[in-house]
Structures are given as structure tokens and as C-alpha cells.
1. Condition first: of a type in the set (D, E, K, R) and crowded, with 20+ Cβ neighbours inside 10 Å. Can you find one or more residues in the stretch 101-109 that meet it?
2. Out of the residues in the stretch 129-160 that are in a loop (DSSP other than H, G, I, E, B) and among the aliphatic types (A, V, I, L, M), state the one that is nearest to the chain's Cα centre (by Cα).
3. Among the listed residues Tyr141, Tyr117, Tyr152, Tyr130, which satisfies the condition of being within 27 Å of Tyr63 (Cβ to Cβ), touching a strand residue (DSSP E or B) at 6+ places or on another chain (Cβ under 7 Å) and buried (at least 17 other Cβ atoms within 10 Å of the Cβ)?
4. So Tyr112 clears everything in (1) within 21 Å of the chain's Cα centre (by Cα); (2) more than 16 Å from His38 (Cβ to Cβ); (3) surrounded by 14 or more Cβ atoms within 10 Å (Cβ to Cβ) except one condition, right? Which one?
5. Just to be sure I understand, how many residues within the stretch 44-74 are modelled with pLDDT of 95 or more and surrounded by fewer than 12 Cβ atoms within 10 Å (Cβ to Cβ)?
6. Mind checking which residues of the stretch 45-103 are more than 22 Å from Val128 (Cα to Cα) and either acidic (Asp, Glu) or in contact with a Cys (Cβ under 9 Å, 6 or more places away or on another chain) (or both)?
Amino acid sequence: MRQNNVLMNKLLLGMFLLLLSLVLLITVPGQVEAATWHRGAPRVLRGTWRTHLYRSPAPRVGYYTRTTFGINKRSDDGMNVAYTKAKRVKLEGCGWGYNTKLHYRYLGHHRYYLRSYLGGRVAKSTRVNYIVHIVGKNKAYINRAAGKHLFYKISNRIVY
């Protein structure tokens with residue numbers, strides 16, 4: 001009688017552990033894959049993006065600034081234009097420099113991490129990073145070293 005109870009308890013314990021392992025196997029998600037770097041730029045980001053006038057971080061250069069940012073398949077470039085208090089052009093920007101070897105990683109929730117390198121033979125080791133958060137059909141926040149600003153897409157190709 002006692003042996004039957006011991007066998008029955010072992011059988012019930014084994015069935016319980018088997019059922020528990022099956023439940024855990026089904027409910028626990030698999031390993032999450034690491035984020036993948038892709039060459040170039042995502043199609044949604046390609047084109048020319050521009051800010052409205054905003055207060056300049058360097059008031060001696062200009063009271064207001066407008067930033068234009070262009071992204072094509074393999075590179076990116078940008079330019080700042082300084083304006084007076086009366087909103088007249090004071091200084092045309094010469095650009096940030098043509099950046100090559102553009103790569104991106106999708107971060108989820110309409111966010112992209114862009115990485116490129118300053119163009120030219122000398123500065124290939126200088127990496128430039130941007131975080132882009134798309135917030136509307138033609139609106140995105142672009143976070144770069146100079147700060148985070150709201151950009152509006154003005155063209156699907158690069159125009160300055």
C-alpha cells in the first residue's frame with residue numbers, strides 16, 4: 001500500500017514537472033536577436049529635411065538659424081544658415097561636410113540610429129552619429145551634437 005502511494009506521488013510529480021516545463025517552453029519568448037546594422041539609409045529618411053527658424057546657439061553669428069539636412073542612399077550632409085533679428089539672411093552656411101559610409105539601425109517605435117563618417121581622405125576615422133525619430137508623415141526629430149530639433153521633409157531628393 002505504501003509503495004503504491006510512493007509510486008503514485010512520483011508519477012504525479014513527474015507529470016506536474018512535465019506540464020510545467022511545457023508551459024514555460026510555450027510562454028517564455030525565444031532569444032531576442034541583436035539589432036542589425038544596415039548599409040545606407042532607410043527609404044523613409046531619404047530626402048531633404050529642414051527646420052523652421054530657431055534661436056541661434058551662437059547669437060554673434062546670427063540671431064536665428066535654419067538647418068537643412070539631406071540624406072541619400074549612401075551619405076548625408078547638412079547646412080546651417082544664420083539670420084538677423086529681422087529674419088534676413090546674414091550668413092550662408094558652408095555645410096557640415098559630406099559624410100560617407102552611412103549605416104543605420106532601427107531602434108523601434110519609428111526611431112533610427114544613423115552613423116556615418118566625415119568625407120575626404122583625411123578624416124575617415126571621425127564618426128558622426130544621429131538619432132532620428134519620425135513623429136509624422138513629413139516630420140522628424142533629429143538629435144545630433146548641436147541639439148535636437150524638429151525637421152520637416154521638403155523633398156524626397158537632396159536640394160539645397
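1. Residues of the stretch 101-109 of a type in the set (D, E, K, R): 101, 105.
This time we only want the ones that are crowded, with 20+ Cβ neighbours inside 10 Å, so: none.
No, the stretch 101-109 contains no residue that is of a type in the set (D, E, K, R) and crowded, with 20+ Cβ neighbours inside 10 Å.
2. Once the filter is applied, the top-ranked residue is Ala145.
3. Numbers: Tyr141 fails: buried (at least 17 other Cβ atoms within 10 Å of the Cβ); Tyr117 fails: within 27 Å of Tyr63 (Cβ to Cβ); Tyr152 fails: buried (at least 17 other Cβ atoms within 10 Å of the Cβ).
Being within 27 Å of Tyr63 (Cβ to Cβ), touching a strand residue (DSSP E or B) at 6+ places or on another chain (Cβ under 7 Å) and buried (at least 17 other Cβ atoms within 10 Å of the Cβ) holds for just one of Tyr141, Tyr117, Tyr152, Tyr130, which is Tyr130.
4. Of (1) within 21 Å of the chain's Cα centre (by Cα); (2) more than 16 Å from His38 (Cβ to Cβ); (3) surrounded by 14 or more Cβ atoms within 10 Å (Cβ to Cβ), only one is false for Tyr112: (2).
5. 1
6. First, pick out the residues of the stretch 45-103 that are more than 22 Å from Val128 (Cα to Cα): 52-55, 59-64, 82-92.
Listed by number, the list holds a single entry, Glu92.
The values are calculated or read from the model by the stated rules, or taken from the named source; none is laboratory data. The structure displayed is predicted, hence computed values, not measured ones. Because the Cβ atoms are built from the backbone with ideal geometry, glycine has one as well, and the counts that use them run over all protein chains shown.
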